[in-house]
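In what follows, a structure is listed as structure tokens, so that the remarks can point back to it.
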Amino acid sequence: MSALISESDIAAVVQAAVEKHGKNHDGLIPILSEVNRAFGYVPGEAIREIRKHLYDPANRTYVAEGQLYALASFYDMLSTKPRGRHVIKFCENAPCHVVGGKAIWDALRQQLNLENGETTPDFKWTLVTTSCIGLCSVGPVILIDDDIYGNLTPEQIPDILERYE
């Protein structure tokens, strides 16, 4: 258990998410998303707590813990590891690549001293790749939190990152 997140905090967030989204399979991703939004990631303790709430009495079954971990680790909007305050998503798809994406990726890695999926020791930044942000016409593209930056050049990266100081 993280020293910063108490069992009661996790229980309260999970309870509220389950009440909001229901106890069926349709609610799994929204529940995980609520937990991720509250804590910045989905702690293992939260997965176990979610599982307790998603019991199907008709079939006498729980949602498998492995299924919850699989969902939390599959979608790039979710994380099972703590992430930085600012998450940079770099589009690595072909349209961004052919217009200079590799140079942007190299500039981000050099500026932050991070590789894909890593977080700075101060938990300020997390750098991840994604297959597509959906803005191919303005590539190369990055998404920082909810802010979109397109038509990037490597020279712009320091100024963009400075906005988050």
TODO: Return P(r) of the range 75-129 (all Cα-Cα pairs; 10 Å bins starting at 0; whole %; ordered from short to long distances).
DONE: 24, 51, 23, 1
Open item on the list: What do you get for GluC sites (Glu not before Pro) in the range 59-157 restricted to DSSP loop and a cutoff of at most 15 other Cβ within 10 Å of the site's Cβ?
Closed with: 115
Task: Estimated dipole of the chain in Debye, rounded to 20 [Cβ of Lys and Arg +1, of Asp and Glu -1, Cα centre] - done: 440 debye
Open item on the list: Can you list residues from other chains, or at least 5 along the same chain, whose modelled amide H is less than 5 Å from the amide H of residue 54?
Closed with: 63
TODO: Per DSSP H run of n ≥ 4, the term is -39500 (n - 2.57); total these for the chain, divide by its residue number, and report the mean residue ellipticity at 222 nm rounded to 500 deg cm²/dmol.
DONE: -11500 deg cm²/dmol
Task: Label-zone membership for the range 88-120, site residue 163, 7 angstrom Cα→C-beta point, backbone N under 16 Å - done: 88-91, 108
- [ ] Take every DSSP beta bridge with both residues inside the range 23-139 and express the antiparallel ones as a percent of the total, to the nearest 5.
- [x] 40 percent
- [ ] Rank 84, 47, 68 by how far each Cα sits towards the positive end of the charge dipole of the range 40-95 (+1 on Lys, Arg Cβ; -1 on Asp, Glu Cβ) and give me just the farthest.
- [x] 84
- [ ] Could you list which residues have their amide H under 5 Å from that of residue 86, counting only those 5 or more apart in sequence or on another chain, with H placed in the peptide plane?
- [x] 125, 126
Task: For the range 1-96: relative contact order, % (alpha-carbon pairs under 8 angstrom, 6 or more apart) - done: 27 percent
- [ ] May I ask you to compute the full-extension gain from residue 137 to residue 52, defined as 0.36 nm times their residue separation minus their alpha-carbon distance, rounded to one decimal in nm?
- [x] 26.1 nm
Task: Under-5 Å amide H pairs with residue 80, H placed in peptide plane, nonlocal only - done: 42
- [ ] Could you work out the Kirkwood radius for the range 1-132, taking every pair of different alpha carbons, averaging 1/r and inverting it, reported in Å?
- [x] 16.2 Å
- [ ] Compute the Cα gyration tensor for the range 74-165, then decide on rounded, prolate or oblate, letting a ≥ b ≥ c be the square roots of its eigenvalues: rounded whenever a/c is under 1.5, prolate when a/b is larger than b/c in the other cases, and oblate in all that remain.
- [x] oblate
Open item on the list: With θ taken as phi - 60° and the coefficients 6.51, -1.76 and 1.60, list the Karplus ³J(HN,Hα) couplings across the range 101-114 in order, rounded to whole Hz; mark glycine and proline as x.
Closed with: x, 4, 5, 5, 4, 4, 5, 5, 4, 5, 5, 9, 6, 10
Open item on the list: Please compare each pair in 102/124; 52/89; 20/81; 23/124 to a cut-off of 29 Å on the Cα-Cα distance and tell me which ones are over it.
Closed with: 52/89; 23/124
Open item on the list: Could you derive backbone 3J(HN,Hα) for the range 129-139 from the dihedral phi with the Karplus parameters 6.51, -1.76 and 1.60 (θ = phi - 60°), listing whole Hz in sequence and x where the residue is Gly or Pro?
Closed with: 9, 9, 6, 6, 9, x, 10, 4, 6, 10, x
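No lab work stands behind these numbers, since they all come straight from the coordinates. These figures come from a predicted structure and were not determined experimentally. Cβ sites come from the backbone with ideal geometry, for glycine too, and all protein chains shown count toward neighbours.
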